[in-house]
Each structure stands twice: as structure tokens, then as C-alpha cells.
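Taking it in order: structure first as C-alpha cells, then the write-up.
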Amino acid sequence: MKVMYRSTRDNSLNLTASQAILKGLSEDGGLFVPDNLPPFDKSMEEFSRMDYQTIAYEVMKLLLGDFTEEELKSCIRNAYGSGFDTELLAPLHHVGNASYLELFHGPTIAFKDMALQILPHLLVTSARKNDVKDEIVILTATSGDTGKAAMEGFADVEGTRIVVFYPKGGVSKVQELQMVTQRGKNVKVVGIKGNFDEAQTGVKQIFSDRELEEKMQKQGFRFSSANSINIGRLVPQIVYYVYSYATLLKHGRISKGEKINIVVPTGNFGNILAACYAKNMGLPVSKLICASNENKVLFDFFETGVYDRKNREFKLTSSPSMDILISSNLERLIYHIAGNDDKRTKELMRALTDGGVYEITPQMREGLKDFCAGYATEEETAFEIRQVYNDASYITDTHTAVAGAVYRKYVNATGDKETKTVIASTASPYKFAKSVMSAIDPAYGGMDDFELIDELEKISNVKTPAAVESIRNAEVLHNNVCEVSQMKGAVIDFLK
Ligand SMILES: *Cc1c(COP(=O)(O)O)cnc(C)c1O
């Protein structure tokens, strides 16, 4: 039986995977969810003998049921090749019982590439399958990494255009330079005078603007999303958790059936939700550990069952890609723990929009028992970077360090130091050289970003990635900045 997609706010919808990918977000404001999570039809031993691309096919075929084998394999072939700097695509680096799953070997050196290298191919294939002739306009809100990764995937892809909104002043130097130097005749980058939540809400509003949609339709445009609200982002992210388990098994670090923990530095809740889906499809996982920075709305939610974005301040931290107070993908988890209840989900999300807070029932909280949550302060994050460098000569980026610090706290609190643990390593330290280097030694504080990148190369024994070298002297091509209220206008302008 093929998996079909519904909205978290309307169970009566019945879309194929390709239709859900094309739409991105449901018209009712809900997110598309699979109507069931089919179990893997290969064993972990079988997976351990496969390469990344083969596992990708075996996993994705289960959830993208209306793609033919030929279509899916072609998307995978086009996505996971020479754009990555290692054939393994997602290598593991072991430190004690923890294994860092390095998801940053793609063209933009953040984990977003793992899904955004394939999303354009899935989208173009979906358009063809559904006989859509419109030009597809990708609207993207970014906390720093999605924007570049999406543009890298979509630049000059026939039949698509892409607009990226990022919080001006809320991203790292390298992140911003990566975006504003982006080439391609179908791309537009706009800084907004606001934070990521405002960018994301603005984009969602454009998506649910019926009048605008009709107008655009007449001109031959159709909107879609490259954010993790798109199921075409989520599904490819399940793959690397299976791959990490298969790799541990292959190298004898775990035995057959042994459960692992997975720690994920979390912002929009997409990456960890993919791990949760992997678990529900049969991956042997003990705890899913959700790590937050000082914007710890998720930690508080897991502790109390209350999601409250109202009574807190938005903080800019050294892990900007996690500076988020409205975690979109949590809506999918809420829907599932409510027993796939669309009405309940809709009510809770309405409460969040109207009052900035909602509370789940004790029964729903039962559904969260696979999860554990923690957060790391700025000091704890910096300490973690220094500690891992001193102990293991390994340098992690700030986001990964949030996860590492939370894992350290988890082990101290629970005594669970035996369970083999995969830490999702979501970005290269080169992307956040300033924060990383000053964590290692405050004396680096006075140097500029590119000097620090050179220093990082000296102490890390890891060559500066091409993604960084290429922006050192690149020309700035985009310098648009607008108010949050002008986002819609910016889109209309671009499409003129
Ligand atoms: C996007 C991002 C995250 C957060 O991932 P979510 O799927 O939004 O939870 C963490 N770290 C880095 C480096 C990112 O780019």
C-alpha cells in the first residue's frame, strides 16, 4: 500500500508524495504528513553492506511511493555525487562512545545539503509527473544555512526561481557572504529587518495568500517551499540516520539489534523529526536527545508540556541556525502524539498563533517518552568546543557543540555512558570560525573572520573547504534589505 499524505490540520486530504512535494505547505496552513510509516524492508545487516546512495533508494522508495524506481534512482544519482568532498558522503568521527555524524561535506558545508541537493530533482520530477507546466517559485526563510543550500541546489535549474529571506545581522559572516555572492539568473536574496521567526511567518503568510496565488497562477507561477516544512526535505534526512547505524554495525562498533542514542542540535525540529521517523520505521534507537541553545523553547516544552514562545526573549547566539522560537516541524510531532488528530492539532496551532502558547494533555506527553531534551548556554557551548579540542584534537562547530554539551549533561544526569551515541554534526567549524576559535582561545578574539579561517586550518589539520575559499574574494551580487511587511512586495517585484 502506497503512503499517501494528509495535512496535520486536515485528515481528509489525500495527496501523493509528488503532489505534497509540489505544494510544500498545505492550504490550511498545516504540514503534510505520511498516513503511515512503513517498516524498512531491508535488515540493518543488509543496509550495512550498501553505500549511501543505495540506502537512500531503499529508504526513500518507502515514502515516495509514486516515484518510479528509475525516477528516484536518477534523482539520487544527480544529488549525491561530485558535489560532496568525500565518497562516504556522511563519515563518522568517533570520540569514545560518541560518534559525530559529519553531515557537512556537501557544497555549502552544512547538513542542509543532505536534503537540498536532492530536493530540486524531486521537485522537477514531481512537476513532470503531475503535468505542471508553471514555473516553480521557491520561497525560503533561512536562519543562515538553508538559504545558501537551497540556492546552491536550485541555481539555474530550468523551470524554477528562488527567493531567500534571511535575518540581516542574525547570521555569521561566512553564512551571509555565501548568500550574497550567490550566482544564478533565477535567484534573489533579501535581508529582512527582523529575526528568523518573522521571516518564516512572513513566508507562510505568502503561501496562504489565496489572492496572490491566483494572480501568480495567471502569470504561470506556482509557489513551493525549500524549508523543512516540505516533506521532500524530511524524507532524505531519514537516510543518514540509517546510514550511521549501518556504518557502526559494519565496523563492529555495535552488534546486531543494539540500540543507539541520537543527539540532534535542534532549531526547526526537522532534523530530529527525521530521526524519530527512522526510529518508527525500525531503526534501533533508545533515546532521541533534542539539544537547544539558549532559545530553549523546546527544552521547556519537553519538560513541562507547555509550548510558550510568548514569555521569552529571542536571543542571538553563536549557533544562529538554531535561533528559532517557532519550531515548525514540532507540529508534525504534535499531530502524531495526538493520535493523528487533525482537529486537536489545528486548535493547538491556533492557540500558538493567537496567544503564543499551548499546552498538551498528559496523554499526549506519554507519546514523548522516546525523547530527552537539554540545552546549552553560550559558556557551556564554548567550553565544549575547547574540551573536545583539548581531549580529542577534534574541532566541532558551535551547533554541534551545543549537541555535544547536551550529551555530556545527559550522561552526567543519567549515568548512561555505555549506549553508543550518534551526534548529528550539522556544520563545518569553518562556517563559524570566529566563535569556534575564540572558544578555543580567547586570544583569537581580535582577528577578522578570514584570518581566523587560516588559523583554524593550522590547528585542525583539516583543509579549508572550497566553499569558504570561493567566497574569500567573491563579488557581492545581492544587497537588498527590506522590512518584514515588505516581503510580499519583494516577491512580486522579483516575478515581474
Ligand atoms: C538548520 C540547522 C540546525 C537545526 O536543524 P533543524 O532541522 O531546523 O532542527 C542545526 N544546525 C545547523 C548548522 C543548521 O544549519
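Of all residues in the range 291-324 being in contact with a Gly (Cβ under 8 Å, 6 or more places away or on another chain) and among the aliphatic types (A, V, I, L, M), which is nearest to the ligand (Cβ to nearest atom)? For the range 291-324, the residue satisfying everything is 322. Among the residues making up the range 193-211, those that are within 13 Å of residue 137 (Cα to Cα) and open to solvent by less than 10 Å² (accessible area, probe 1.4 Å) are 203, 206.
Evaluation of residue 286 against the conditions (1) open to solvent by 20 Å² or more (accessible area, probe 1.4 Å); (2) in contact with a Lys or Arg (Cβ under 6 Å, 6 or more places away or on another chain); (3) in a loop (DSSP other than H, G, I, E, B) shows that the sole unmet condition is (3). Comparison of 483, 469, 418 shows that the only residue that is open to solvent by 40 Å² or more (accessible area, probe 1.4 Å) and either at pLDDT below 95 or under 25 Å from the mean Cα position of the chain (by Cα) (or both) is 469.
Residue 209 meets each of the listed conditions (1) in contact with a strand residue (DSSP E or B) (Cβ under 7 Å, 6 or more places away or on another chain); (2) modelled with pLDDT under 95; (3) not hydroxyl-bearing (Ser, Thr, Tyr) apart from (1).
Every test in (1) at pLDDT 95 or above; (2) within 23 Å of residue 190 (Cβ to Cβ); (3) touching a Gly at 6+ places or on another chain (Cβ under 6 Å) is passed by residue 161 save one, and that test is (3).
Scan the range 144-169 for residues that are in a loop (DSSP other than H, G, I, E, B) and open to solvent by less than 10 Å² (accessible area, probe 1.4 Å) and report the count. Working first, answer last.
Restricting attention to the range 144-169, the residues satisfying the condition of being in a loop (DSSP other than H, G, I, E, B) are 144-145, 155-159, 168-169.
So of that shortlist, the ones also open to solvent by less than 10 Å² (accessible area, probe 1.4 Å) come out as 144-145.
Summing the residues that are in a loop (DSSP other than H, G, I, E, B) and open to solvent by less than 10 Å² (accessible area, probe 1.4 Å) in the range 144-169 gives 2.
Checking the conditions here, which among 407, 444 is hydroxyl-bearing (Ser, Thr, Tyr) and either modelled with pLDDT of 95 or more or assigned to a loop (DSSP other than H, G, I, E, B) (or both)?
407
Select the helices (runs of 4 or more DSSP H) contained entirely in the range 1-100, then report the ones holding at least 1 residues which are closer than 16 Å to residue 278 by Cβ. Walk me through how you get there before you give the answer.
Working: elements: 17-23, 44-48, 52-63, 69-79.
Ranges flagged: 44-48, 52-63.
Going by what's in this entry, would residue 266 be described as in contact with a Cys (Cβ under 6 Å, 6 or more places away or on another chain) and within 16 Å of the ligand (Cβ to nearest atom)? Considered against the rule, which asks whether it is in contact with a Cys (Cβ under 6 Å, 6 or more places away or on another chain) and within 16 Å of the ligand (Cβ to nearest atom), residue 266 comes out as yes.
Quick one: which residue in 245, 241 is buried (at least 24 other Cβ atoms within 10 Å of the Cβ), over 17 Å from the mean Cα position of the chain (by Cα) and away from the ligand (no atom under 12 Å from the Cβ)?
Numbers: 241 fails: over 17 Å from the mean Cα position of the chain (by Cα).
On inspection, the qualifying residue turns out to be 245.
For the range 307-345, give me the residue count where each residue is part of a loop (DSSP other than H, G, I, E, B), among the β-branched types (Val, Ile, Thr) and either more than 18 Å from the chain's Cα centre (by Cα) or more than 21 Å from residue 230 (Cα to Cα) (or both).
From the range 307-345, those part of a loop (DSSP other than H, G, I, E, B) are 309-319, 323-329, 338-341; that's our starting set.
Among the residues that remain, those that are also among the β-branched types (Val, Ile, Thr) are: 317, 324, 326.
Filter once more, so that each one left must be either more than 18 Å from the chain's Cα centre (by Cα) or more than 21 Å from residue 230 (Cα to Cα) (or both): 317.
Result for the range 307-345: 1.
The set of residues from the range 94-137 being within 16 Å of the ligand (Cβ to nearest atom), open to solvent by 20 Å² or more (accessible area, probe 1.4 Å) and either polar (S, T, N, Q) or over 20 Å from the mean Cα position of the chain (by Cα) (or both) comprises just one member, 117.
Can you confirm whether residue 176 is within 16 Å of the ligand (Cβ to nearest atom) and open to solvent by 10 Å² or more (accessible area, probe 1.4 Å)? Break it down stepwise before answering.
Values: within 16 Å of the ligand (Cβ to nearest atom): yes; open to solvent by 10 Å² or more (accessible area, probe 1.4 Å): yes.
The answer is yes for residue 176.
Within the range 182-211, residues that are on the phi < 0 side of the Ramachandran plot and acidic (Asp, Glu) have Cβ atoms under 7 Å from residues that are open to solvent by 30 Å² or more (accessible area, probe 1.4 Å) and outside any loop (DSSP other than H, G, I, E, B) in these pairs: 198/484, counting only partners at least 6 apart in sequence or on another chain.
The values are calculated or read from the model by the stated rules, or taken from the named source; none is laboratory data. In this text the structure is predicted, and so the values were computed from the model without any measurement. Here the Cβ is made from the backbone with ideal geometry for all residues, glycine too, and neighbour counts use every protein chain on show. Areas reflect the complete protein model, heavy atoms only, side chains present, ligands, DNA and RNA absent. Shrake-Rupley method; radii C 1.70, N 1.55, O 1.52, S 1.80 Å.
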